[in-house]
Protein chains: 4
Amino acid sequence: MIVIKLKPSAGIKRISGIISLIEKSGYTPHLSKSGNSTQIGVIGDESDIMKILSLDKLKKNAEITKTSKPFKLASREYQRADSIIKIGKTSIGGRNIVLMAGPCAVENYELTLAIARLVKKSGADILRGGAFKPRTSPYSFQGLKEEGLKILARVREQTGLPVITEVISPSDVALVGRYADILQIGARNMQNYALLEEIGRTRKPVLLKRGMMSTLEELLMSAEYILSQGNPNVMLCERGIRTFEKYTRNTLDISAVPLLKQVSHLPVIVDPSHGTGVKSLIPAVSKAALAAGADGLLIEVHTNPEKALSDGFQSLNPKEFGQLTRELTAIARAVDRKI
Amino acid sequence: MIVIKLKPSAGIKRISGIISLIEKSGYTPHLSKSGNSTQIGVIGDESDIMKILSLDKLKKNAEITKTSKPFKLASREYQRADSIIKIGKTSIGGRNIVLMAGPCAVENYELTLAIARLVKKSGADILRGGAFKPRTSPYSFQGLKEEGLKILARVREQTGLPVITEVISPSDVALVGRYADILQIGARNMQNYALLEEIGRTRKPVLLKRGMMSTLEELLMSAEYILSQGNPNVMLCERGIRTFEKYTRNTLDISAVPLLKQVSHLPVIVDPSHGTGVKSLIPAVSKAALAAGADGLLIEVHTNPEKALSDGFQSLNPKEFGQLTRELTAIARAVDRKI
Amino acid sequence: MIVIKLKPSAGIKRISGIISLIEKSGYTPHLSKSGNSTQIGVIGDESDIMKILSLDKLKKNAEITKTSKPFKLASREYQRADSIIKIGKTSIGGRNIVLMAGPCAVENYELTLAIARLVKKSGADILRGGAFKPRTSPYSFQGLKEEGLKILARVREQTGLPVITEVISPSDVALVGRYADILQIGARNMQNYALLEEIGRTRKPVLLKRGMMSTLEELLMSAEYILSQGNPNVMLCERGIRTFEKYTRNTLDISAVPLLKQVSHLPVIVDPSHGTGVKSLIPAVSKAALAAGADGLLIEVHTNPEKALSDGFQSLNPKEFGQLTRELTAIARAVDRKI
Amino acid sequence: MIVIKLKPSAGIKRISGIISLIEKSGYTPHLSKSGNSTQIGVIGDESDIMKILSLDKLKKNAEITKTSKPFKLASREYQRADSIIKIGKTSIGGRNIVLMAGPCAVENYELTLAIARLVKKSGADILRGGAFKPRTSPYSFQGLKEEGLKILARVREQTGLPVITEVISPSDVALVGRYADILQIGARNMQNYALLEEIGRTRKPVLLKRGMMSTLEELLMSAEYILSQGNPNVMLCERGIRTFEKYTRNTLDISAVPLLKQVSHLPVIVDPSHGTGVKSLIPAVSKAALAAGADGLLIEVHTNPEKALSDGFQSLNPKEFGQLTRELTAIARAVDRKI
């Protein structure tokens, strides 16, 4: 990618002149703002793009660089300022830390509403809950599907909490998009490119989970699939990777947090529930995630973890979640953030 | 799963009696044959199924067992005899070892035809070639798509070689199915359940690749997704897993071959090209795979590996492939198989 | 292990009676205190030990339990209260968080002294520095050996900082023990049982690093090797494990911190330098470690990281270390600890 | 390393002239023979060595190259011909494939003798058996130590089978060396440099096992520790690495076999017992190892696996071992080797 950084003094006319030059040459200009400077990224044959740009008197007021990373639109080189994604009144990626909490799977209306109210009271900003559940076994509970989505929408009406829920097939993107505020792409689908592209064609905020077998570069390349289709509202989620360790379900890669924040402008969310798979470890790991610079947490909360239809062993109960948010508030303050 | 094994003496009337009993109770009977005995599998609440079966005078001529594994239809407990999948004149899973060879990606007609003729001459049974290419980067060559499928079909006409090619989205299953003899599910899609179910609803033979960080049990559970939809023509493929080792692209898990053959009746294919990612290691690892009991190999062959649009560094040239097949013939003989 | 917990009311006579009963029977009693109750652990054939204990009128004032873990003396079941290890005026494992900082390798007296003074000024409690360096290549710099130990001792005299340094061979334990305040067992030697036993026979405080390939249970079992020889002064150190991720040298397992604290009473130290291998990630990961409950940090600091003889790429300079300690102070306060 | 390759025509006088030039300059010349050409390797500052060599009229009859790998004496660049290690009448690394078999741990004389006789009858060349057992738990059976060594020596007298046994501490090298024909370095000690150096100072044949999370390059660097001390009799052993897979104890890295043979001249042995940890997989994996080019196998055999004091679940009984050797003979023939 060639990045053209324009000084604040460059007027709209100048910017649109460059954009039309790029478009006429058959390339797609990608625009971003950092403070009051503007950047235009162009992806493709770099020497050809440089030739085209040399036609323009770019030297004035502009600085032209190449990105060094295989991911382009996701990189800090393309956009210096943090991406901030707005979900109703909530901003993700800014100074506020976002708490997404709720049951692994939506089981019924009453239970979902009860959990939503309790987590909201404890400070949750967003309700999580699965309607489409990708399960290892075809014989396991696969979620309530559209019925689950409807429940989430009704609970949102009652509580005002925006809703995040998973989508597992390209053909469901439109359906899930009608009900959800944030689409979630699960770890198993991180490289389901048909799904990524379909979501890329919408403008829906999307939380992209790292595959349990995926490098951070691959996670960023999957984000690039969405971004390059035109959807800039991507959040990255660290949820643990597979290792030989047996005491935990996954090994949460805490270094991923500062590393992703350094090389990318996208918000970074941590899922300590899947990241550990052990209830008693969630508080400590949640605090660690905030201390490391995470923009938010995705936590499983259930009023009756023992009876949950899915993943109860890694769910907090609402009281434990309330206790945790109090502890998190202190950590947020220590890193100059707010909950 | 409850498995009802009927002695050879059980007549068709007896078998269809049990089947209709099961169906009337709302369960789906799954039939398999091992030699001349018949087995019927029923998945669901095991105590309820046992109660239903007790209505029938099953004790005569039948043996009732429960499967111990989370995978059911894929297990040896359900079907003792090896599954044999017929692709034209080629049988996969029997005494013959099957060689699938060809380029990573279909690039054009002439090249594909040339490679197909050369690998056929050296003993290949099936032509491999990617038309839809799942690539880590959205900016990499993504395959010729339908044009690539048409090329494969024309080359099949010219050479008589059946064709295996990858499908990456549920919405492409019908399209790819019209051109291909075997559908391939890539490692990144091993837990793309929407894709598995869509393929499960066809009867197309399918080669299911192990995810690069998936356990063997998860591979079998993914096979179960296809089988439980009614498609029995599933082959499993070991293609290397991710480890810390840096000299190879992946670590080929050779134990997977005998292990899968022991717990499952499905054919097992090995992909030494992705399994090593290093051209010079492919011959030794191919021989190892046959010695360990693999039913076939999936090997990348290109007339000009250096110029291949994808994965040239791990492709053999046709001469090297010819040399390899001669060496494989000796190994096949040593384990009482044929090429 | 059978654990006999005695109520505070049990007098010395009672305790010594039980101890002599155990010793007479050929077993070794292990004593620990939690608050004002006393526990005695006995390892061996559990039914035989129970029989012996039944001879004593133990029912009064005592509670007898079995440990459920394969590690015994390292377990919380054996000792409820946190182990606190005293190094001069510094306590490790209590409310205070301990910072161990210094160069990877001791290079010469002047440099070591300069670094020691700078890290002390920034709040370091203990000086780290390698005299014996286990290197992957026999042709790499292997440390100054005894000369390095002497330098460390002189620097301690000048600065008052206690010294931690690695020992790599059983035959060097006495030598290194004469100079060092804390012995370090490196990741490669975590299962060097001859070394563990030799150190177990001393009473020297020891920091045991987790092997890059070792589970937490194995780390605790290695601690058990030291403890069972009679040396109770063991600290555990998480320093990253091997995974497929390529951006970092190791994957720091943050969950290890709360997990080890839950199942064991031993202090837990984190090494963010080796745990990431990337300088820019050290501050975030250090903060995460404290937030997760670590009792201390082991950090590489060098005045001229670019010219360090070993591991410069993962060393902070003193100014960066100073900045980090200020940030850590805020985190410590947020989790009710002190630096 | 600078490698000076001398043509067959170079006489002894010429060779010794170069050697004394190198020695006078303070370097150590390493000699090896490939066919009838001679190679001299010199490790150190390469530009300095080149300057010294330019004093000699080396251009005649000599070719000077640099090795590209971090391992030097272990590399094929230093020695083109396969290393062949003689143990009595047995040669390891040549056309013959070597079978090392026996119990995990030496338990007593009678049992060891019985197993030795049975495996010898089935074609074993060397008896394996552990006297010093490195166990994860300090409370597990640690081997019979010197008594076990004496048993092995007596069994060798009775059967004529040379003996391989593990050494776990530098201070035991002399002791174990007095009894054993081959020293074994276990996976946990692959980077126990004090042990490697101690063994390097002897001339005892040594089998170096790959660490369970060590790269192949690290394995070769550990071999280099031994070689650089002057002991050329090193065999490498692949015994499985740690991965996330749960059905097997370790994941045997079959690619390691051809890879090590390509980059190094040292013999490569495979341990299918630890490499799988599952008895039923050992035959298939053993055949795969030979097909991939292994020079030998190290297999656990016990007359009563269920009652073995260590690792019985992965031991064959003598009858199974006999059946396996017959199958291996066919594979050996297929790759033009002999058993």
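The values are calculated or read from the model by the stated rules, or taken from the named source; none is laboratory data. Worth saying up front: this structure is predicted, and the values here are computed from it rather than measured. Reconstructed Cβ throughout: ideal geometry from the backbone, glycine too, with neighbour counts over all protein chains shown. The protein model used for the area step is the full one, side chains on, heavy atoms only, and it has no ligands, DNA or RNA in it. Shrake-Rupley method; radii C 1.70, N 1.55, O 1.52, S 1.80 Å.
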(request) Can you tell me what the convex hull of the Cα atoms of segment D:184-279 projects to on average, as an area in nm²? (result) 5.7
(request) Could you quote the convex hull projected area for segment D:37-149, Cα atoms only and averaged over all directions, in nm²? (result) 12.1
(message) Taking each residue in D:255-263, count the Cβ atoms of any other chain within 10 Å of its Cβ, then average. What number comes out?
(response) 6
(request) Once you've got the GNM for chain D with C-alpha springs shorter than 10 Å, pick whichever of D:S32, D:S214, D:S20 has the biggest mean-square fluctuation. (result) D:S20
(request) Would you mind working out the magnitude of the charge dipole of segment A:2-66 relative to its Cα centre, with +1 at each Lys and Arg C-beta and -1 at each Asp and Glu C-beta, to the nearest 20 Debye? (result) 380
(request) Enter the accessible area per residue of segment C:2-66 (Å², integer; probe 1.4 Å; all protein chains in place). (result) 58
(message) Give me, ordered by chain and number, the residues 5 or more places off D:Q79 or on other chains with an amide H under 5 Å from its own placed amide H.
(response) none
(message) Can you tell me which aspartates and glutamates have their Cα less than 17 Å from the Cα of D:K69? Leave out same-chain residues fewer than eight positions away.
(response) B:E245, D:D45, D:E46, D:E77, D:E217, D:E218, D:E224
(message) Please report, for B:G44, the nm distances (one decimal) from its label point, 7 Å out from Cα along the beta-carbon direction, to the equivalent points in the remaining copies, shortest first.
(response) 5.9, 5.9, 8.2
(message) Please check: in the Gaussian network model of chain C (C-alpha springs, under 10 Å), which one of C:A289, C:A74, C:A194 has the largest mean-square fluctuation.
(response) C:A194
(request) Can you pull the one-decimal nm distance between simple spin-label points at D:L175 and B:S91, each 7 Å off the Cα toward Cβ? (result) 6.1
(message) Once each part is reduced to its C-alpha centroid, what is the distance from segment C:48-101 to segment D:286-316 in angstrom?
(response) 41
(message) Taking a ≥ b ≥ c as the square roots of the Cα gyration tensor eigenvalues, with a/c under 1.5 meaning rounded and otherwise prolate when a/b beats b/c, else oblate, which class fits chain D?
(response) prolate
(message) Nearest 500 deg cm²/dmol is fine: what mean residue ellipticity at 222 nm does the protein assembly as shown get from its DSSP H runs of n ≥ 4 alone, each adding -39,500 (n - 2.57), divided by its residue count?
(response) -10500 deg cm²/dmol
(request) For chain B, give the magnitude of the charge dipole about the Cα centre (Cβ charges: +1 Lys/Arg, -1 Asp/Glu; no others), in debye to the nearest 20. (result) 1000
(message) Distances longer than 21 Å among the Cα atoms of segment C:2-66: what percent of all pairs is that?
(response) 11
(request) Once the label point is placed 7 Å from Cα along Cβ, list for A:K24 the distances to the corresponding points in the other copies, in nm, shortest first. (result) 7.6, 8.1, 10.5
(message) Could you tell me the center-to-center distance, by alpha carbons, between segment C:161-208 and segment D:184-233 in angstrom?
(response) 22
(request) First obtain the Kirkwood hydrodynamic radius of the protein assembly as shown from its Cα pairs, then insert it into the Stokes-Einstein equation at 10 °C and 1.306 mPa s, and state the resulting D in µm² per second as a whole number. (result) 47
(request) Tally up the carbon and sulfur contribution to the accessible surface of segment A:2-66 as a whole percent, 1.4 Å probe, everything protein left in place. (result) 55
(request) Between the label point of C:A114 and that of the same position in each other copy, find the distances and list them shortest first in nm, with every label point placed 7 Å from Cα along the Cα-to-C-beta direction. (result) 6.4, 6.7, 7.1
(request) Within a 10 angstrom radius of each residue's Cβ in D:183-196, how many Cβ atoms of other chains show up on average? Whole number is fine. (result) 5
(message) Which entries of A:K72/C:K133; C:K246/C:K319; B:K287/B:K307; A:K24/A:K66; D:K121/D:K204 have Cα-Cα distances beyond 32 Å here?
(response) A:K72/C:K133
(request) Bin width 5 Å, alpha-carbon pairs only: give the P(r) of segment D:83-183 as whole percents, running from 0 to the bin holding the largest distance. (result) 2, 14, 24, 23, 18, 12, 5, 1, 0
(message) Suppose we consider the axis relating copy D to copy A; can you name the residue of D with the nearest Cβ and state that distance in angstrom as an integer?
(response) D:F244, 3
(message) For chain D, set up a GNM with springs between Cα atoms under 10 Å and report which of D:E245, D:E107, D:E166 has the largest fluctuation.
(response) D:E245
(request) May I ask what percent, to the nearest 5, of DSSP beta bridges between residues of the protein assembly as shown are antiparallel? (result) 45
(message) Treating only the Cβ of Lys, Arg, Asp and Glu as charged (+1, +1, -1, -1), what charge dipole size does segment A:84-208 show about its Cα centre? Round to the nearest 20 debye.
(response) 360
(request) Would you please state which residues of segment B:94-128 a label at B:K338 would reach in this model, taking the label point 7 Å out along Cα→Cβ and a backbone N cut-off of under 16 Å? (result) B:94-99, B:123-125
